[in-house]
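These notes concern the structure reproduced below.
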Amino acid sequence: MVNADKTLMKCPVCKTAVLLDDALPGGPPSHRCSDCRGHWVEADRYWKWLETRSATQSQAASGNPAAPVVESAPKAKLCPECGRLLTRAKVGRGADFFLERCSHCGGIWFDADEWDTLLALGLHDDVHFVFSDAWQAEIARIDRQRQHDRLLREKLGDVDFDKIQQIKTWLDGHPHRVELYAILLDDKNK
């Protein structure tokens with residue numbers, strides 16, 4: 001089911017809207033859906049764009065306002081190029097949404113405002129890393145830590161949780177932290 005005529009690619013969200021030639025702001029050429037405002041970026045276009053980036057262009061603009069709220073379409077999507085199912089990967093690092101990529105042709109789908117959010121957070125140059133095992137493992141580790149902290153906060157209460165976090169920060173930055181932790185863990189001091 002390879003789409004030989006890319007001018008007739010259909011939107012993976014709207015299913016019927018034809019994708020139009022466009023470009024992401026500050027990014028690679030894309031195919032945009034005029035209905036849902038999503039963008040399809042072909043793999044070769046993304047890599048060519050990334051290779052031509054200069055060091056000054058790869059930095060997020062300083063003083064950028066807060067990233068727009070993104071509402072991803074939760075349903076499974078099909079690749080507009082080859083018709084295969086797109087895989088999802090959580091972005092994290094301040095972006096609370098998933099990106100979709102075709103594991104066959106490598107194209108990437110950006111729902112409306114996802115690219116703008118990545119640009120605002122300075123993650124637009126890292127899109128290819130989002131789908132890596134290392135990136136996803138780090139996102140999972142951060143999620144587990146947040147869940148752990150949330151449970152501790154519920155158990156201890158806000159005041160005690162915040163106080164112990166202050167103490168931990170002080171201990172971690174202290175030049176004799178090993179000795180201080182040893183004192184805290186010494187049963188003879190009880």
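When you go through K48, K10, K15 one by one, which is the residue that is open to solvent by 60 Å² or more (accessible area, probe 1.4 Å), of a type in the set (K, R) and modelled with pLDDT under 90? Explain how you work it out, then say what you get.
Numbers: K48 fails: modelled with pLDDT under 90; K10 fails: modelled with pLDDT under 90.
Sole residue among the options that is open to solvent by 60 Å² or more (accessible area, probe 1.4 Å), of a type in the set (K, R) and modelled with pLDDT under 90: K15.
Among the residues of the range 92-113, count how many are surrounded by 16 or more Cβ atoms within 10 Å (Cβ to Cβ) and either farther than 17 Å from Y46 by Cα or among the aromatic types (F, W, Y) (or both).
Within the range 92-113, residues that are surrounded by 16 or more Cβ atoms within 10 Å (Cβ to Cβ) and either farther than 17 Å from Y46 by Cα or among the aromatic types (F, W, Y) (or both) number 9.
Among the residues that make up the range 85-104, is at least one of them touching a Ser or Thr at 6+ places or on another chain (Cβ under 6 Å) and part of a helix (DSSP H, G or I)?
no
From the list D126, D116, which residue is surrounded by fewer than 18 Cβ atoms within 10 Å (Cβ to Cβ), at pLDDT 90 or above and of a type in the set (D, E)?
Numbers: D116 fails: surrounded by fewer than 18 Cβ atoms within 10 Å (Cβ to Cβ).
The unique qualifying residue is D126.
Going through G94, G107 one at a time, which residue ends up being in contact with a Phe, Trp or Tyr (Cβ under 8 Å, 6 or more places away or on another chain) and not β-branched (V, I, T)? So that I can check it myself, show each step before the final result.
On the way: G94 fails: in contact with a Phe, Trp or Tyr (Cβ under 8 Å, 6 or more places away or on another chain).
Of the residues listed, the single one that is in contact with a Phe, Trp or Tyr (Cβ under 8 Å, 6 or more places away or on another chain) and not β-branched (V, I, T) is G107.
The values are calculated or read from the model by the stated rules, or taken from the named source; none is laboratory data. Just so it is clear, the structure is predicted and the values come from calculations on it, not from any experiment. Ideal geometry is used to build each Cβ from the backbone, glycine not excepted, and the neighbour counts take in all protein chains shown. Note: accessible area is taken over every heavy atom of the protein model, side chains too, but ligands, DNA and RNA are not part of it. Shrake-Rupley method; radii C 1.70, N 1.55, O 1.52, S 1.80 Å.
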